Amino acid sequence: MGWKAAQKLINHWKVLRGDNVMIIRGKDKGETGVIKRVIRSQNRVIVEGKNLVKKHIKQGQGHEGGIFSVEAPLHASNVQVVDPVTGKPCKVGIKYLEDGSKVRVSRGTGASGSIIPRPEILKIRSTPRPTIVGPKDTPMDVVMEKTYDAKTGMGMPNL
């Protein structure tokens with residue numbers, strides 16, 4: 001784990017990858033950015049272009065060495081989701097609509113109570129579902145074949 005803060009892992013995460021957040025503590029306090037990565041095992045998030053640190057990388061096969069600026073992880077408690085209406089940081093609550101769907105809403109002092117949309121990046125699959133039949137796929141006529149009749153008991157194996 002490495003960090004003492006990771007001793008109590010967060011069970012119910014309020015921030016998601018792709019959320020627009022404001023940093024509320026640290027050297028980049030007051031700046032907004034998009035969450036690039038969520039590290040659940042350490043209770044940390046990486047915000048795009050924020051909390052930059054210098055990293056010394058040794059030269060090796062296939063890559064150059066030097067001093068690079070990289071984004072360091074922030075603790076999840078140091079960021080808050082930005083309210084889409086007011087543009088201020090807010091707490092996140094959960095609400096069920098009349099049709100039964102679960103949505104995130106902004107709450108807290110100065111919050112509008114509006115729905116926080118789910119980030120579009122989460123809807124994109126990293127590997128698209130296959131559309132063509134592969135060598136290990138079962139043919140459709142075999143899948144649709146009726147092998148057991150409940151009324152007559154035909155197709156039942158002899159046990």
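Derivation of every value follows stated rules applied to the coordinates shown; laboratory data play no part. Just so it is clear, the model here is predicted, and its values are computed rather than measured. Note: ideal-geometry Cβ built from the backbone for every residue, glycine included; neighbour counts use all protein chains shown.
Straight-line reach from K88: taking Cα to Cα under 22 Å and skipping same-chain neighbours fewer than 8 places apart, the lysines in range are K14, K27, K29, K36, K50.
In the chain, the DSSP-assigned H stretches of four residues or longer account for a calculated mean residue ellipticity at 222 nm of -500 deg cm²/dmol, using -39500 (n - 2.57) per stretch and the full residue count as denominator. Express in % the proportion of alpha carbon pairs of the stretch 4-123 at distances exceeding 22 Å. Of all Cα-Cα pairs in the stretch 4-123, 43 percent lie more than 22 Å apart.
Among V143, V45, V70, V105, the ranking by other beta carbons within 10 Å of each residue's beta carbon, starting with the fewest, stands as V143, V70, V105, V45.
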